[in-house]
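Enquirer: One structure is given below, represented as structure tokens, and several questions about it will come after.
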Amino acid sequence: VMDSTITLSGLTGTQTPGGALPVTSSPITVFGSAGVWSMPGGTLVLTVASGGLSAGTDYTVLIMVHNGDAAQGDVTVAFSANLDPFGVDYSFASVDLVSATGDALSVTNGASPMLLVVPAFGVKDV
């Protein structure tokens, strides 16, 4: 439903300041070109654009945030929605999303969302 909101929370550990955050979505433009980002809680609020959402359709959202400066394990990302059909407000309780698991780019658990590994370099004398 147009003007409904979808909230992703738990995306903590970034250095991305709050405000408008560019969004790429598929199908394209379903969430407009930006969401509202809040850094302390790692929350992204997306507003559904004209045309609304369709049952049975997969939606993909891509955002880019700046890594924090400290190591952190994976985080639990939650999804909630606030629909407003015909001026009647329906809220859905937050649901934890199932996260990707496994190694990626030679990093143990590297497929986990928001995992931040601080690189370490060994120095050897020859």
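Enquirer: Which strands (runs of 3 or more DSSP E) sit wholly inside the range 31-126 and have at least 3 residues that are surrounded by 13 or more Cβ atoms within 10 Å (Cβ to Cβ)?
Expert: 34-38, 43-47, 78-83
Enquirer: Answer with yes or no whether THR16 is outside any strand (DSSP E or B), under 18 Å from PRO113 (Cβ atoms) and more than 12 Å from the chain's Cα centre (by Cα).
Expert: So THR16 passes the test.
Enquirer: Could you list, ordered by first residue, the pairs with Cβ atoms under 9 Å in which the first is in the range 110-122 and free of Cβ contacts under 8 Å to residues at least 24 places away in the same chain and the second is open to solvent by less than 80 Å² (accessible area, probe 1.4 Å) and outside any loop (DSSP other than H, G, I, E, B), at least 6 apart or interchain?
Expert: GLY110/ALA104; ALA111/ALA104
Enquirer: State which residue is modelled with the highest pLDDT when the search covers only the range 48-81 and only residues that are among the polar types (S, T, N, Q) and more than 27 Å from SER112 (Cα to Cα). Break it down into steps so the answer makes sense when it comes.
Expert: Here is the first cut: in the range 48-81, the ones among the polar types (S, T, N, Q) are 50, 54, 57, 60, 67, 72, 76, 80.
Cutting the leftovers down to more than 27 Å from SER112 (Cα to Cα) gives us 50, 54.
Working: SER50: 74, SER54: 79.
Across the range 48-81, the extreme among qualifying residues is SER54.
Enquirer: Quick check: anything in the range 96-115 under 21 Å from SER4 (Cβ atoms) and at pLDDT below 85?
Expert: We begin by selecting, within the range 96-115, every residue under 21 Å from SER4 (Cβ atoms); these are 96-97.
Then keep just the ones that are at pLDDT below 85; that gives 96-97.
There is at least one residue in the range 96-115 that is under 21 Å from SER4 (Cβ atoms) and at pLDDT below 85.
Enquirer: I've got another one for you. Please go through the range 13-30 and pick out each residue that is open to solvent by 70 Å² or more (accessible area, probe 1.4 Å), at pLDDT 90 or above and among the β-branched types (Val, Ile, Thr). Step through it out loud before you land on a result.
Expert: Kept after step one, since they are open to solvent by 70 Å² or more (accessible area, probe 1.4 Å), are these residues of the range 13-30: 15, 17, 20, 22, 24, 28-29.
Cutting the leftovers down to at pLDDT 90 or above gives us 15, 17, 20, 22, 24.
Correct list: THR24 only.
Enquirer: Show the residue pairs meeting these rules: Cβ distance below 7 Å; 6+ apart or different chains; first residue within the range 6-34 and within 19 Å of THR57 (Cα to Cα); second residue open to solvent by less than 20 Å² (accessible area, probe 1.4 Å) and among the small types (Gly, Ala, Ser).
Expert: Close Cβ pairs (under 7 Å, with a partner that is open to solvent by less than 20 Å² (accessible area, probe 1.4 Å) and among the small types (Gly, Ala, Ser)) amount to ILE6/ALA81; VAL23/GLY35; PHE31/SER25.
The values are calculated or read from the model by the stated rules, or taken from the named source; none is laboratory data. This is a predicted model, so every value here is computed, not measured. Here the Cβ is made from the backbone with ideal geometry for all residues, glycine too, and neighbour counts use every protein chain on show. Quick note on the areas: whole protein, heavy atoms, side chains included, nothing else; ligands and nucleic acids left out. Shrake-Rupley method; radii C 1.70, N 1.55, O 1.52, S 1.80 Å.
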